[in-house]
Amino acid sequence: MKANIGIGENHLKAVAEKLQTLLADEQVLYTKTRNYHWNVVGDNFMEMHAFYESQYNELAEIVDEVAERIRMLGHYSTGRLVDFLKLTNLLEPEYTNVQAEQIKNLLDDHETIIRGLRELITEFADKQKDLGTSDFVTGLLRQHEKMAWMLRSYITK
Ligand SMILES: [Fe+2]
């Protein structure tokens, strides 16, 4: 059933499509963070193991919220891994157990998502007339900025 929420059908469709790509990015970053939670090694293992867990838990919540936001706009959400991999802007690099490389890979992904979200905030408000989703992605921007800061704080040079 269509959502009669004061936003044109074409606008809803355009917003939902952008959110599908965002959902794919969040899902890939969730998996990458969990991979590092499992495979990190070092004398600070427990610190990094727990830190990555806190980050993937936050990403899991974001994944859920983005998918449900798509449903609120009257569209079905992507839900297959094969589709996420087709849609995502992020890359899956080779396995690494080296903490510095893991941190850099995750930080790059958060910053890619942040730059994309910044564009979506204005596009959703100005072009698509969807202030609710613009506000929603503004919240996600702040969450990613905080997660990126925490990752960046492990880099000392
Ligand atoms: Fe675990």
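Taken together, the values in this text are just the output of simple stated rules run on the coordinates, not laboratory data. The model shown is predicted, which means the values in this text are computed figures rather than measured ones. Cβ atoms come from the backbone with ideal geometry, glycine included; neighbour counts cover every protein chain shown.
So if a site counts as exposed when it's one of the chymotrypsin sites (Phe, Trp or Tyr not before Pro), its DSSP state isn't H, G, I, E or B, and it has at most 13 other Cβ atoms within 10 Å, what's the longest stretch of the chain without one?
After excluding every exposed loop site, the longest remaining stretch is 1-75.
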Cross-link candidates for Lys18: which lysines have Cα within less than 19 Å, leaving aside residues fewer than 8 places away along the same chain? Lys2, Lys86, Lys127, Lys129
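What full-extension length gain, to one decimal in nm, is calculated for Tyr95 and His49 as 0.36 nm per residue of separation minus the Cα-Cα distance?
Gain on extension, Tyr95 to His49, equals 15.0 nm.
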How long is the gain from Lys86 to Lys157 if the chain were fully straight, where each residue apart is worth 0.36 nm and the alpha carbon distance is subtracted? 22.1 nm
So if the hydrodynamic radius of the chain is defined as the Kirkwood radius over C-alpha pairs, what does Stokes-Einstein give as its diffusion coefficient at 37 °C and 0.692 mPa s, in µm² per second? 201 µm²/s
